[in-house]
Structures are given as structure tokens and as C-alpha cells.
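The values are calculated or read from the model by the stated rules, or taken from the named source; none is laboratory data. Being a predicted model, the structure only gives us computed values, none of them experimental. Because the Cβ atoms are built from the backbone with ideal geometry, glycine has one as well, and the counts that use them run over all protein chains shown.
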Amino acid sequence: MREKRVLAKKKSFYKSIRPKDLFKKILIHGGFSRFRRFYLKIFYDLFPAKALLLTLKLKHPDSYKHCKAVSCLSADIYREYISKYGGKIKVKDIKTAALFHDIGKLFISEKILRKKHLSESEWKEIREHPEEGVELTEDIFGPKIIKSIAMHQEEADGSGYPRGLGDDDLNLAAKIISVADDFSAMTEKRGYNIVKTPSEALQEIIKSGDRYSERVVEALKTIFKKRYIIFGQKNIP
Ligand SMILES: [Fe+2]
């Protein structure tokens, strides 16, 4: 909490500084040892994207695993999507945007991420992570990836955050990451979630109707059916 308060106080200052300096502030206030701060700073100078991921892995191991899972599932959904509807984005770009989609959670303490019931101010912190992810990565990635990170919590029916954008405003990568993110979150053991089976998670997504892109959900259903054949499971939606 203290960590977030310090970061929040300096928020207006951060807006005017470079992602590299923002990263240094995260290291200072993020509970890292002096040795790790030293090592991560040098690593950032050489490989900034890899250093951000390593910092996430050290600070929030569950979020790191989640980002990897969302990256793999997003790529699978997109490949399926292309085979049905076509697509101009590179698979590599979707994978990268999905891998870094929650990097803004470096600003949030592990305690809040694991909490079952969040206060209004804690929800506010969580809801800021897409924009904070953009602030951290804008020097590293191109506009397509940055836009997808910014939009990954938006929903096709306008119920998402931070801007409440609708289906027409969202890019395809963000729509895919949104579905992969929610599917993964529902099936992973998280602080504030009851774990669902993949079949239950898929049913939940199908039931959500306009919240997700219909085509993206169709692609997810097809993947599920293919894996169903491989694993011989029953009762798929
Ligand atoms: Fe997120």
C-alpha cells in the first residue's frame, strides 16, 4: 500500500518522464533488494522488454504465468481466426501484445492482486493498469502493440475499462486478448476468483453474449472442439 501511495503521489511527475525512469521508480518502491535493483537496471539497459518481464516474474509470479498463458492462447485463437475470416496482423505482434498486456500490474502490490474483496480505491488501482502498461512500454513497442495493451480490458459491448470503448473502436488484437485473458483468468487459481474448468469458462464466455467479439468466440470454440477430439473429453458447449 505504501509502495502504491508513493507511486501515486508522483503520478503527475511520472507522466513527464521516460519509461526507463518509471521502471527505476518501480524498482525503488517495489520491494526489491539492492542486488536485484542493480541487476535489473543493467538488464533493462540491454534488453528492456525482457527486463520488464523478468521484473514481473519476480514481483508477481502468477501474473507472469498468466501473461504467458494469454500469449499462447491469443496466438492460437488468431491462427484459427485467420483460417476462417482472414487477418492482416502478424501472429508475432498479437503474441507480444498479449505477453505484455498486464505489465502495468507492476504498479500494483501483490497483496491487492491476491485480495478477494477490493475497496473502491483498490479497484481504481487495478483499473489503471492498462494505461500504466502503455506508459512503461511506449519506448519499446510500436503503436499497434501499444494500442492493444491499452485496450485489452475493453469489451465489445462497451462495459470494459479504462475508456468504455465499443466493438467498432477496438482493434482485433485487443478483442482476441480480451477473450484469452478472461478464459485464462477463469481457469487459473487467482486471489479473487473461483477456478472454473475450461468447459465452464467457455460456457461463461458464450453466455456473455455481446461482451466479446462473436467471431473471436467462434474461433475459441473451434480450438476447444479440436482439443476435445485430442483429449476425448465430453459435454463441450
Ligand atoms: Fe489486464
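Assorted remarks:
- Subset of the stretch 99-126 that is within 11 Å of the ligand (Cβ to nearest atom) and under 23 Å from K144 (Cβ atoms) - its residue that is surrounded by the most Cβ atoms within 10 Å (Cβ to Cβ): H101
- Applying the set (1) touching a residue at least 12 places away in the same chain (Cβ under 8 Å); (2) of a type outside the set (S, T, N, Q); (3) away from the ligand (no atom under 13 Å from the Cβ); (4) more than 23 Å from Y81 (Cβ to Cβ) to I206 leaves exactly one unmet item: (4).
- Conditions (1) modelled with pLDDT of 95 or more; (2) in a loop (DSSP other than H, G, I, E, B): number failed by I149: (2)
- Taking (1) modelled with pLDDT of 95 or more; (2) buried (at least 16 other Cβ atoms within 10 Å of the Cβ); (3) not hydrophobic (A, V, I, L, M, F, W, C) in turn, E3 satisfies each apart from (1).
- Identity of the residue in the stretch 108-120, over 15 Å from Y161 (Cβ atoms) and part of a helix (DSSP H, G or I), that ends up modelled with the highest pLDDT: I112
- The stretch 164-192 - residue that is part of a loop (DSSP other than H, G, I, E, B) and under 25 Å from E110 (Cα atoms) and, of those, farthest from the ligand (Cβ to nearest atom): K189
- Looking only at residues of the stretch 28-81 that are charged (D, E, K, R) and touching a residue at least 60 places away in the same chain (Cβ under 8 Å), we find that the one that is farthest from F107 (Cα to Cα) is E80.
- Against the list (1) of a type outside the set (F, W, Y); (2) modelled with pLDDT of 95 or more; (3) crowded, with 21+ Cβ neighbours inside 10 Å, the condition S184 fails is (2).
- Single residue of the stretch 79-98 satisfying the filter (small (G, A, S) and part of a loop (DSSP other than H, G, I, E, B)) that is surrounded by the most Cβ atoms within 10 Å (Cβ to Cβ): G87
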